[in-house]
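The values are calculated or read from the model by the stated rules, or taken from the named source; none is laboratory data. Quick caveat, the model's predicted, so the values are computed rather than measured. Note that each Cβ is placed from the backbone with ideal geometry, even for glycine, and that neighbours are counted across all protein chains shown. Remember, those area values only see protein heavy atoms, side chains included, never the ligands or the DNA or RNA. Shrake-Rupley method; radii C 1.70, N 1.55, O 1.52, S 1.80 Å.
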Amino acid sequence: MKELPKKYQAHESEKKWVEYWQENRTYKFNPDTKKEVYSIDTPPPTVSGRMHIGHAFSFSQMDFIARYKRMRGYELFYPFGTDDNGLPFDKLVEKTNKIRSKDFERKEYVKLCLSTLKKLLPEFIQDWRQLGISCDFDVYYSTINDYSQRISQKSFIDLYKAGREYRKEAPTLWCPECHVAIAQAELEDKEHDSTFNDIAFTFPDGKELIIATTRPELLPACVSIFYHPDDKRYQKYKGKKAKVPLFGHEVIIMPDERVSIDKGTGIVMCCTFGDQTDMEWYFQYNLPLREAIDGHGHMTKLAKEYEGMKIKQARKAILDDLEKEGLLKKKEHILHVVNVHERCGHEIEILHSKQWFIKYLDKKKELLKAGNQLNWYPKFMKNRFDNWVKGIKWDWCISRQRHFGIPIPVWYCEKCDEVILPNEKDLPVDPTSDKPPISTCPKCSHTKIVGEKDVLDTWATSSLTPRLAADLFVDHPVYKKLQPTMNLRPQAHDIITFWLFNTVVKSQFHNKVNPWKDAMISGWALDPHGKKMSKSKGNVVDPIEVHKKFNSDAIRFWAAGTKLGDDMPYQEKDLVTANKTITKLWNATKFAIMQLGDYDLCKPKKLEVIDAWLLSKLSRVVKLSTTSFDKYEYSYGKAETEKFFWSVLCDNYLEIIKDRMYNPEVWGEDKVGSGKMTLYTAFLTVLKLFAPIMPFVTEEVYHLYFATREGEKSVHNSAWPTLSMIDEKAELAGDLLVEVSSIVRKYKSENAMSLKEELSELVIETKNEKELGLVLDDLRSVTKTKNVIFGKAPKGFVSQKLGLKVSIKK
């Protein structure tokens, strides 16, 4: 047998096996397979730089399951895509090429994006390969190339024809910082400092009506005043008009049950638009439209002398003027929660604009039912989905006022605004540069046709990832195994309302089924103090630097240390523990291999009881790990395997078996053969149980000895262990031996004796004499005792656990 390497070199090993897996196409998807296919809707990471620690955390957890399923004999459909049609990639392309996207025609800019992606992709993907992610990287899609544009535009057309899409000039969520319409899913709640201001509206007779507001800059957009119909304080004002301070226009006062009697002064102004309730009143009472804020977050002409000011600047100026006029009656500093754009953190506005929407407010009941039909792991994550669906107040706005993205495939008649769709054979199209499919309007015969300038919300395309991946095989029989329902969607909990929900919407509207059977939801990687990481806080952990200090298996080991769905602080001590396990696995397996030598895999005539003890214990670990992985609870399997490896296999069994391996002539061929079979089975099984978590060290060790004997090119394509050798009698015997051995170790330690120093006698008092007698030779060997006697122990160490008393003589 060749000489074994002395030390495990993690970084060298990783590089070697990444190249090996690529060259041997270890993770290649075989569409002609006869196996059952297990399909994963892999999250496409945003191409905006290098991998971050959150990627390393959640992608590792996804990969644990992927590797497990492959070893269970499934043909794994595990594609890799990149999300590159949104703002982050747009900014990266501009920065990389030192240009501005708006200086290019859209089609030319997309070409530049694709060429930039081609240059960046090898290094970008290498981060995932280096982490040990076992996708088939040849089954690849980009969310901006022609292939994906065609699928995304086809989805738009199909939903439009199905009556699920509409274009309307209506109140729309708007980010003044990004100058773009946004969807409700893109909102975040953020606590801001503000003031609650009591402002005096006036009647013709000079009397005042005090209204409390946090947004005085919306006074020029005030169109009505509302009070609760049961509020006796204001019933007398029904139908009357009050003058808006500073701006002078009059507004009508009306009752409405949506007003909270106990909030503020119990009477509110309705502006177009401050919030969702303002919108509801606007439509219900057919109120006039007054727009005081434009799309860039500046005050309009309606604001008179405040025109051109930014929102916060106007807020301060208006409050100052109200105070000068004696119309600001009270000003109270508060902290309150406001909606901000999750992309930039800027407070959002509600502006009146023409946008495209997917209609789903009328389908909330059906979408809740779809959520119930999904298998959620962990189950409590379903609450986030349900709460989101129940709280939806807007249809999905899918149009974005950006230069870069997938064009909305629509032209309009300039005269009557009739919608004109492209021929599907011409997809993808860009209406800003491509000719319309017809030259005259089919409705009014007008000859001027204009193209839509807006692009689709990036989530309108990302919500089609099951199709983007599966349609790569649309002309192959395997397609029926991939669509319309895949096996698994793995993702983080923060985008349940974005990616998961929108994918369910698209799948239900297109196919009337869910896009997957199971949803596996991971938590967040947090900083060492349990706080969310952000660049502004300076607490971001860089996985590239972590990898330099440790290795990929250590990062993955850390990611496996928490239950699915739980957030996990980054603690360096966890990676130190991981490295200890990696080193121990290397050294212990090397020891086993040296003892095995040219072991021929022959079964022994008889299995020694202590060997049966080990394999019985291991059988339970295999069973628990298998059950855990089946339920996506990888952390339990990892924890039990780690516990068995350290405590049972290394700390106890290897010590027990050493004498048998070192002195085969004393023990005899049969007992040595039993030990070798047990060593081989135990270490091979442990390697396989660890393989989904730590793919590099397990591959390295597997190829030291086991690969040639199993006839496999990779441990990751070998069969998952199915060991089933439960023997409760042997377990009791082995546990008794381990307990006595532990007592002896403690005695020797307390008496400053070497563990190798012999004892003259052990007197053991136990009701399980028969069982302990089954492993008497191993007991003498491991405790280095000449004589073991069963009987009354006059004084000794007591083990409450197994009812043992042991008396020791030197």
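Some observations on this one:
- Residue that is farthest from residue 801 (Cα to Cα), among those in region 728-756 that are among the acidic types (Asp, Glu) and open to solvent by 60 Å² or more (accessible area, probe 1.4 Å): 750
- Qualifying strands (runs of 3 or more DSSP E) (wholly inside region 428-537; at least 1 residues being open to solvent by 10 Å² or more (accessible area, probe 1.4 Å) and hydrophobic (A, V, I, L, M, F, W, C)): 449-451, 486-492
- When residue 348 is tested against (1) touching a His at 6+ places or on another chain (Cβ under 7 Å); (2) open to solvent by 10 Å² or more (accessible area, probe 1.4 Å); (3) closer than 26 Å to residue 518 by Cα; (4) not charged (D, E, K, R), just one condition goes unmet, and that condition is (3).
- Long-range neighbours under 9 Å by Cβ, at least six apart or interchain, first residue closer than 14 Å to residue 741 by Cα within region 789-810, second of a type in the set (Lys, Arg) and part of a loop (DSSP other than H, G, I, E, B): 805/792; 805/795; 807/792; 807/795
- Helices (runs of 4 or more DSSP H) fully within region 602-712 counting 3 or more residues that are over 19 Å from residue 71 (Cα atoms) and in contact with a Lys or Arg (Cβ under 8 Å, 6 or more places away or on another chain): 669-690
- A Cβ distance below 6 Å, combined with a sequence gap of six or more or placement on separate chains, defines the contacts here; from region 115-126, residues that are closer than 14 Å to residue 145 by Cα reach no residue that is open to solvent by 70 Å² or more (accessible area, probe 1.4 Å).
- In region 275-294, the residues that are part of a helix (DSSP H, G or I) form Cβ pairs under 6 Å with partners that are not hydroxyl-bearing (Ser, Thr, Tyr), at six or more places apart or across chains, as follows: 276/393; 277/258; 278/270; 278/271; 279/171; 279/273; 281/270.
- Selected residue (criterion: least open to solvent (accessible area, probe 1.4 Å)) from residues of region 299-331 that are more than 27 Å from residue 280 (Cβ to Cβ) and assigned to a strand (DSSP E or B): 328
- Within region 687-727, the set of residues being closer than 18 Å to residue 18 by Cβ, open to solvent by 10 Å² or more (accessible area, probe 1.4 Å) and of a type in the set (S, T, N, Q) comprises 717 only.
- One residue stands out among those in region 249-267 that are open to solvent by 40 Å² or more (accessible area, probe 1.4 Å) and either among the small types (Gly, Ala, Ser) or touching a helix residue (DSSP H, G or I) at 6+ places or on another chain (Cβ under 7 Å) (or both): the one that is modelled with the lowest pLDDT, which is 264.
- Conditions (1) open to solvent by less than 20 Å² (accessible area, probe 1.4 Å); (2) over 43 Å from the mean Cα position of the chain (by Cα): number failed by residue 217: (2)
- Qualifying residues in region 141-186 (those that are crowded, with 18+ Cβ neighbours inside 10 Å and of a type in the set (Phe, Trp, Tyr)) - the one farthest from residue 58 (Cα to Cα): 160
- Residues of region 11-27 satisfying the condition of being basic (Lys, Arg) and surrounded by 15 or more Cβ atoms within 10 Å (Cβ to Cβ): 16
- Criterion (touching a Gly at 6+ places or on another chain (Cβ under 6 Å), more than 30 Å from residue 628 (Cβ to Cβ) and of a type outside the set (Gly, Ala, Ser)) met by exactly one of 341, 298, 336: 298
- Selection count where residues are part of a loop (DSSP other than H, G, I, E, B), surrounded by 13 or more Cβ atoms within 10 Å (Cβ to Cβ) and without any contact (Cβ under 8 Å) to a residue 24 or more places away in the chain, scope region 418-427: 0
- Single unsatisfied condition, residue 371 versus (1) small (Gly, Ala, Ser); (2) at positive phi; (3) modelled with pLDDT of 95 or more: (2)
- Conditions (1) in contact with a strand residue (DSSP E or B) (Cβ under 6 Å, 6 or more places away or on another chain); (2) within 21 Å of residue 697 (Cα to Cα); number of the one not met by residue 21: (1)
- From 759, 802, residue being at pLDDT below 90, surrounded by 14 or more Cβ atoms within 10 Å (Cβ to Cβ) and farther than 19 Å from residue 649 by Cα: 802
- Within region 644-679, the set of residues being under 21 Å from residue 730 (Cα atoms), aromatic (Phe, Trp, Tyr) and open to solvent by 20 Å² or more (accessible area, probe 1.4 Å) comprises 646, 667.
- All told, residue 364 meets the bar of being free of Cβ contacts under 8 Å to residues at least 40 places away in the same chain, touching a helix residue (DSSP H, G or I) at 6+ places or on another chain (Cβ under 6 Å) and part of a helix (DSSP H, G or I).
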